[in-house]
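Participant: My questions will all concern the structure given below.
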Amino acid sequence: MNSLQRKTIYGDHYYHLEFVIIRMTESIKHQEEFEPRIVDNMPNKSRQAHYYNKQDSYKMSIISDRFLSLYTVAITVHRLIRENASSTKRGLYYMHAGLFQDQKIVDSAADELAFILSVSRPDLRLHQAAKGEAQGHLNLPGCNFACEQGGQIPADLSEINFYGVQLPRFVLVLEKFAIYQRLVEEGFCASRNCLLVTGRGMPDRATRALLARLDQSRVPCYILVDGDPFWTFF
């Protein structure tokens, strides 16, 4: 299978990822610094400032832990795409037990690879462990929140089609899981045609993605939180 066929089957991300892995391998072979070439000519400025030095240079030593982590994550993601599989970041850490000192190294490598490829982390088949839940008037293909106890919000909503789905009248987002659980038990949504959502504290990416899709569909969203001003970013 040639590179064009692989690009057709697995997509642009896979094609660009192979190019990055080849360049990293060549850097090892020639014992020279690895200089990533960003897929997007105009990467996100805030992310760019995190990786580029004051001389506007983006390089890393091939004997650094940073390079080893990035190389390992890139090869693992390559395999996940070929196998049409996915993993949590925690799962990625345990795939290479003993190689990474802690979870933060894996997280940083995954974020950097996403930056190089100009994609979001879910495009790399890497997800956070789902922790958000929802209950109420929303029944999506393969994901029914309308049952009595609701359900967990799936890590990847990109393949779920909202077209033709009957949407709730409004969404109530609850920071505290205990309050969410109490309202579910009391049947809060039964007569209100609404949807209860909780991120169990700081919402994960999946919870934010669901709320973003509902917001795009012009469903009003209300939030019940405590007085912590850090929540105002949401």
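Laboratory data are not the source of any read-out in this text; all were calculated from the coordinates shown. Fair warning: this is a prediction, and the values are worked out from it, not measured in the lab.
Participant: For helix 65-82, report the angle its Cα long axis makes with the longest principal axis of the Cα atoms of the chain; keep it between 0 and 90° and round to the nearest 10°.
Facilitator: Roughly 60 degrees, rounded to the nearest 10.
Participant: Given springs between every Cα pair under 10 Å in a Gaussian network model of the chain, which of Glu159, Glu26, Glu148 has the largest fluctuation?
Facilitator: Maximum among the listed residues: Glu159.
Participant: Within the chain, how many Lys pairs sit with Cα atoms under 17 Å apart, leaving out pairs fewer than 8 places apart on the same chain?
Facilitator: Lysine pairs meeting the criterion: 5.
Participant: For the chain, what is the Kirkwood estimate of the hydrodynamic radius, computed as the reciprocal of the mean inverse distance between distinct Cα atoms, to one decimal in Å?
Facilitator: For the chain, inverting the mean 1/r across all distinct Cα pairs yields 20.1 Å.
Participant: So if I restrict to the alpha-carbon atoms in region 120-231, what is the Rg, and what is Dmax, the biggest pairwise distance, in Å?
Facilitator: 13.4, 41
Participant: Subtract the Cα-Cα distance of Ala212 and Cys143 from 0.36 nm times their separation in residues, and report this length gain in nm to one decimal.
Facilitator: 23.2 nm
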